[in-house]
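Down below is the structure, laid out as structure tokens.
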Amino acid sequence: MATKSVGSQTGSGRHKKRIKRDHNINDSTTITPNLSEDVVEKILSFLPIKHAAMCGLLSTRFKKYSWLRNPNFVFNLDFAVGRSRGNFVRAVNRIFNQHSGSHIQRFQLYFDATDIEAIVEYWVHMITSKGVEEVDLDFTQGDEPFNLPYHLLEFESIRILKLNFCRFELPPKLKGLCFLKTIALRQVNVTSALIATIFSNCLCLEGIDEVQCSGIYHLNIAAQELKKFRRFVVGDCKDMCLIDIDAPTLSTFFYRGESPAINFMTQMRHLKDVILNFTLVRCFPHLYSMSNLMLRLSVSNIEVLRISTTFLERLSSKFKNGTYTKISFLLLNLKEFHLFTDGAITDINPYDIVSFLKNCLYVDRVFLDLGEYSFEYGYYWKMLGKQMFENCDANFFQLKRLTVSGFKFEKLELEMLKFFLNKSGVLDSVELVPAKNWRLGVFTREEHDMYNQLFDSWKVSPNAKISILKSIELINVWSF
């Protein structure tokens with residue numbers, strides 16, 4: 001019995017080894033059965049070149065097509081991890097030298113080109129010779145911005161251009177880049193001449209991003225001749241004080257930074273989605289500037305608006321020369337409103353929020369992210385804010401969803417919630433997410449029942465369901 005058992009196990013072991021050996025021999029057909037060579041090549045073409053090369057380790061069939069024809073030359077941070085600069089250069093050169101494909105779709109580079117600028121120029125020359133469409137160059141590893149000669153990118157094939165931490169200039173008349181659709185500049189010294197050249201030559205442009213750029217005081221977006229221009233993003237450009245926008249087809253405008261004067265030169269009938277994240281400023285924007293901005297937004301078709309508490313404070317009613325002044329506006333098409341705290345010390349109160357939404361007659365979704373901010377129960381509120389809040393005649397006829405994150409169950413927060421519940425006749429859902437440091441978000445059973453009864457007594461909508469949640473995922477609208 002013992003001998004039989006041993007022999008059986010030995011035979012079984014030999015059988016398993018034979019199966020494993022056969023699998024290794026036929027792995028290319030086992031992994032990709034009945035797939036043509038063209039289909040395999042197409043599948044691998046969607047992968048960055050590093051991952052495509054790794055697939056070559058799985059199969060001789062994959063190895064044949066893994067990177068020799070791969071059109072995605074992605075040499076990003078993931079590719080650079082664990083490589084010295086010399087090893088990085090040798091690896092990239094080997095791929096260029098052995099690449100047999102006729103086309104390169106995307107070239108992404110994360111590299112310190114200090115003292116070896118010529119190698120980058122060689123790589124850019126190679127990709128443009130193969131009709132590259134997307135170029136993404138990131139030189140933030142270096143100590144100084146990379147000097148990028150404009151003639152390297154004067155090619156009609158390029159559709160997307162992203163530049164990070166480099167010096168970049170263009171002549172008034174371009175021979176290439178005429179079919180450019182998207183340009184993203186980050187940590188680039190931007191001049192008025194550069195922006196003028198882009199808008200006068202790149203007539204197919206659909207969007208432009210400028211983030212952490214310097215060197216420009218007055219940004220003029222003259223896109224009146226561009227029929228497909230849809231997106232304009234500006235973030236943390238410290239020198240910028242004035243933005244003029246003449247872009248009739250613009251649908252998305254995101255701004256983050258100090259408070260500039262923003263002028264829409266024409267009616268923005270296609271504008272749908274706006275972020276206005278005003279941060280700490282050296283001085284307050286002029287009241288006329290804020291009034292003009294809101295007037296232009298009022299005649300647009302904006303549907304989604306996200307603002308910071310600093311922006312709301314700049315917009316709120318104020319005393320000027322002894323006279324109480326408020327900015328008039330009306331956002332009739334607004335459907336969704338977001339208010340986010342930005343870490344700045346502000347003096348907003350519940351009246352500022354409800355008086356803003358009073359001018360948004362058809363808003364049906366409101367998201368308030370209070371973070372760690374607490375409404376100030378001080379002199380201004382007691383002397384003026386409280387009375388204006390109690391006398392506010394706002395009604396939210398279309399509001400169906402209200403979400404308040406960072407809720408601390410403080411007196412003024414509860415007063416604001418009561419106002420919304422009293423004034424929203426078709427409300428379906430209220431979501432309250434306690435602040436992280438508020439007693440760790442833990443309720444006793446008695447407290448939970450007490451608040452439920454209190455909230456039910458405030459609501460006028462019979463369908464309103466009020467939930468106290470542990471957490472909720474809100475989109476980080478400030479991460480451009």
If the chain between residue 398 and residue 238 were fully extended at 0.36 nm per residue, the gain over the current Cα-Cα distance would be 53.7 nm
Site residue 426, offset 7 angstrom along Cα→Cβ, radius 12 Å on amide nitrogen, limited to segment 373-403, gives 396-401
So, with points 7 Å from each Cα along the Cβ direction, the residue 418-residue 144 label distance in nm works out to 6.5 nm
In nm, the gap between the two label points placed 7 Å beyond Cα toward Cβ at residue 450 and residue 377 is 1.5 nm
Set 238/436; 423/470; 175/228; 272/465; 227/272; 162/228, cut-off 23 Å on Cα-Cα distance; pairs above it are 238/436; 423/470; 272/465
Largest-first ranking of 197, 325 by accessible area, probe 1.4 Å, whole protein assembly kept, is 325, 197
Once Lys and Arg are counted +1 and Asp and Glu -1 for all other residues with Cβ under 14 Å from that of residue 116, the total becomes -4
With all protein chains in place and a 1.4 Å probe, residue 218 shows an accessible area in Å² (nearest 10) of 70 Å²
Residues other than residue 346 with Cβ under 10 Å of its Cβ, Lys/Arg counted +1 and Asp/Glu -1, net out at -4
Contact order relative to length for segment 133-271, counting C-alpha pairs under 8 Å separated by 6 or more residues, stands in percent at 16 percent
For segment 332-381, the dipole about the Cα centre with charges only on Cβ (Lys and Arg +1, Asp and Glu -1), to the nearest 20 debye, works out at 280 debye
Checked segment 122-250 with the C-alpha gyration tensor, a ≥ b ≥ c its square-rooted eigenvalues, rounded below a/c of 1.5, otherwise prolate if a/b is larger than b/c and oblate if not; verdict oblate
From the Cα centre of segment 389-420 to that of segment 140-174, the distance in Å is 49 Å
Extension length gain for residue 114 and residue 461 (0.36 nm per residue less Cα distance), in nm, is 118.4 nm
Pseudo-spin-label distance residue 411 to residue 103, built 7 Å along Cα→Cβ, given in nm, is 6.9 nm
What the Cα atoms of segment 181-258 span along the principal axes, largest first and in whole Å, is 30, 22, 19
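The values are calculated or read from the model by the stated rules, or taken from the named source; none is laboratory data. Please read all numbers here as calculations on a predicted model, not as lab measurements. Methodologically, a virtual Cβ is constructed for each residue, glycine included, from the backbone with ideal geometry; neighbour enumeration extends over all protein chains shown. Note: areas computed on protein heavy atoms with side chains; ligands, DNA, RNA excluded. Shrake-Rupley method; radii C 1.70, N 1.55, O 1.52, S 1.80 Å.
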